[in-house]
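Each reported figure results from applying straightforward, stated rules to the coordinates on display, with no laboratory input. Here the structure is a predicted model, which means the values were calculated and not measured. Counting neighbours? That spans all protein chains shown, and the Cβs are built from the backbone with ideal geometry, glycine included.
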Amino acid sequence: MAQHSRLSTAPPPSAPARESTRHLLLRAHIVLLLFCVLAHTAVFNLIGIDGAAVVLAVLLLGTLGLAIPRIVMARPARFPWRRMPWAALTYLLLALASVLWSRWPEATLLTWVLQASITAVALFIAFTLTWQEIVRALSSAFKWIIGLSILLEAWVALVLHHPLIPNFAQFPPGKIDPHWYWVRGDLLGTGRIQGIVGNSNTLGILCAFALVVFGLLYAERARRRPALLVWIVLAGFLFVRAGSATAFAAFAVGVLVLLAALVMRRAERPGQRGHRYALFAGLAVLGAVVVWLGRGVLFGLLGKSSDLTYRVEIWRKVWARAIEHPIFGNGFSSPWVPWDPAFHDWILDHRITVFMAHDMWLDVFLQLGAVGVLLIAIAFAAFAWRAWFFAIDRPRWDLVKDRPFSALSLLPTVIVAMLLVLGIAESTPIMLWGWLLLILLSFKLKISPFVGTGFGEEAPPETRGAARRKAEARRRRARGRTA
């Protein structure tokens with residue numbers, strides 16, 4: 001006969017799982033890595049080129065010290081060598097091989113070491129962190145950049161009362177070009193601000209990425225949503241005050257791609273997707289025609305001249321040198337090393353040596369020729385393809401077909417769209433933080449095709465049954481021993 005009892009038969013309560021101190025320190029190291037790559041100009045402006053080289057070396061050695069044991073420990077699961085972003089890595093190998101025919105071999109070796117270091121960092125982050133942790137780490141790095149930018153701008157405007165020169169140097173005698181300033185102190189004025197990165201275009205682009213990351217975390221209902229709203233407001237303020245036409249264009253295209261992905265998610269039948277693809281293609285062609293015909297008015301609204309602020313002249317000079325070696329290029333150098341004789345005083349803007357072609361594709365053509373352009377096109381095409389279906393396909397690995405979408409799965413497709421737009425007027429997608437985002441997200445998409453599931457996320461779906469059976473067998477053996 002059943003008996004009533006006040007004693008609970010439920011398992012005793014336990015504290016929620018907490019992250020280990022080791023993992024928290026690992027995430028802090030990765031946030032520092034991301035900050036130093038995203039805001040590399042801030043590190044240079046603070047401690048100079050020698051100090052920046054030391055910081056890079058220390059961070060790289062620390063990363064290798066953390067990565068090698070993890071790869072060894074992951075041996076039973078096998079490190080996913082076959083899922084590496086091989087098109088981008090082949091481009092990197094071609095860059096190293098170009099030292100054999102490079103017109104600037106010292107610059108090739110120097111910048112290749114930098115590119116290889118960033119590649120190792122990106123692979124390490126993708127292999128180590130989950131999708132949730134990657135987005136949170138990016139969010140933390142962007143918060144540091146935004147917060148320090150506001151503090152530095154406020155200090156220069158309210159305390160220093162005059163512009164700040166890199167490395168806190170004293171003003172040289174005579175008139176100095178404002179383009180040499182680290183921070184101009186226009187926080188309370190109407191001019192463009194440069195933030196801790198010391199460049200309005202870079203600050204605007206980073207704030208555009210930050211708005212995307214913060215917005216997706218808010219949509220994902222992350223913790224501390226009111227604080228996220230504050231960061232969104234601060235990022236939006238810096239984004240507008242930076243006044244970067246390139247950042248405005250990239251952010252606008254990113255928003256349009258985001259909306260297209262959300263519309264595509266609502267398609268329930270394959271036929272609906274086909275109709276929507278046709279609609280998007282038509283709208284894209286129409287938008288391109290409108291932008292081309294109204295480019296004069298658009299450039300005026302964005303504060304750009306008809307030659308895109310000297311970019312057309314830069315492209316002419318780069319093309320004239322690139323066409324001399326059209327197959328394998330003149331030799332890798334991303335960015336251009338300004339003190340190398342091949343680049344020093346070659347192209348000047350406000351008496352400053354330009355260190356990139358301000359067009360990703362033209363820069364690759366100059367350095368590695370048509371072969372390099374083909375490889376980088378394959379790398380970005382593969383990235384964009386996987387990112388798009390990662391965003392619009394419902395997560396599914398069995399018969400369950402109604403699993404909810406994750407807002408974070410929209411991040412790669414928005415990032416790749418913004419990088420491709422930036423590549424029209426900047427070379428940053430193939431160097432430094434642009435290269436880091438390409439390698440990081442490309443590799444993560446291949447090893448973790450679902451947010452929260454797959455390699456580096458948790459046990460793969462196909463192994464969960466086996467893992468459950470092994471756990472049950474262990475419990476039966478333990479009960480047999482106690483009996």
Original post:
What are the trypsin sites (Lys or Arg not before Pro) within the stretch 144-229 that DSSP puts in a loop, where the Cβ has at most 11 other Cβ atoms within 10 Å?
Top reply: LYS175, ARG221, ARG223, ARG224
Original post:
How long is the gain from ARG70 to LEU286 if the chain were fully straight, where each residue apart is worth 0.36 nm and the alpha carbon distance is subtracted?
Top reply: 72.8 nm
**OP:** Using 0.36 nm per residue of separation minus the Cα-Cα distance, give me the extension gain between PHE355 and THR190 in nm, one decimal.
**Re:** 56.6 nm
Subject >> Shape of the stretch 23-172, Cα gyration tensor, a/c cut at 1.5 >> reply: oblate
Subject >> Projected label distance in nm at ALA219 and PHE389, using a 7 Å step from Cα toward the beta-carbon >> reply: 2.1
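Give me the percent relative contact order of the stretch 394-455, please, defined on Cα pairs under 8 angstrom at least 6 residues apart.
It comes to 25 percent, rounded to a whole number.
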Original post:
Dipole magnitude of the stretch 185-333 about its Cα centre, charges +1 at Lys/Arg Cβ and -1 at Asp/Glu Cβ only, in debye to the nearest 20?
Top reply: 480
Original post:
When only alpha-carbon atoms count, how far does the stretch 331-435 stretch along each of its three principal axes, as whole angstroms with the largest first?
Top reply: 63, 29, 17
Original post:
What is the spin-label model distance, in nm, from ARG266 to THR90 if the labels are put 7 Å beyond Cα along the C-beta direction?
Top reply: 4.0
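What is the calculated FRET efficiency for LEU293 to ALA252, with r their C-beta to C-beta distance and R₀ = 25 Å, to the nearest 0.05?
For R0 = 25 Å, the calculated efficiency reads 0.90.
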Subject >> Positive-end residue, the stretch 73-227 charge dipole about Cα centroid, Cβ charges, pick of ALA107, LEU93, GLY185 >> reply: LEU93
Subject >> Positive-pole candidate from GLY215, GLY236, VAL253, dipole of the stretch 209-278, charges at beta carbon >> reply: GLY215
**OP:** Once you have a ≥ b ≥ c as the square roots of the Cα gyration tensor eigenvalues for the stretch 333-376, tell me rounded if a/c is under 1.5, and otherwise prolate or oblate according to whether a/b is larger than b/c.
**Re:** prolate
**OP:** Return the whole-Å distance between the Cα centroid of the stretch 104-140 and the Cα centroid of the stretch 376-411.
**Re:** 22
**OP:** Subtract the Cα-Cα distance of TRP180 and LEU348 from 0.36 nm times their separation in residues, and report this length gain in nm to one decimal.
**Re:** 59.2 nm
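At a Förster radius of 45 Å, what calculated FRET efficiency corresponds to the Cβ-Cβ distance of LEU279 and GLN170, to the nearest 0.05?
Here the calculated transfer efficiency is 0.15.
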Original post:
What is the distance, in nm, between label points placed 7 Å from the Cα along the Cα-to-Cβ direction at TYR310 and at ALA53?
Top reply: 2.7
Subject >> Packing rank of 154-166, 99-111, 285-297, where each peptide gets the mean count of other beta carbons within 10 Å, highest leading >> reply: 99-111, 154-166, 285-297
Original post:
Mind checking the dipole of the stretch 255-381: about its Cα centre, +1 per Lys or Arg Cβ, -1 per Asp or Glu Cβ, Debye to the nearest 20?
Top reply: 720
Original post:
Among ASP402, ASP363, which comes first, then next, by fewest other beta-carbon atoms within 10 Å?
Top reply: ASP402, ASP363
Subject >> Dipole magnitude of the stretch 64-214 about its Cα centre (Cβ charges: Lys, Arg +1; Asp, Glu -1), debye to nearest 20 >> reply: 600
**OP:** Name the shape class, rounded, prolate or oblate, that the alpha-carbon gyration tensor gives for the stretch 106-246, where a ≥ b ≥ c are the square roots of its eigenvalues, rounded holds for a/c under 1.5, and otherwise prolate holds if a/b is larger than b/c and oblate otherwise.
**Re:** oblate
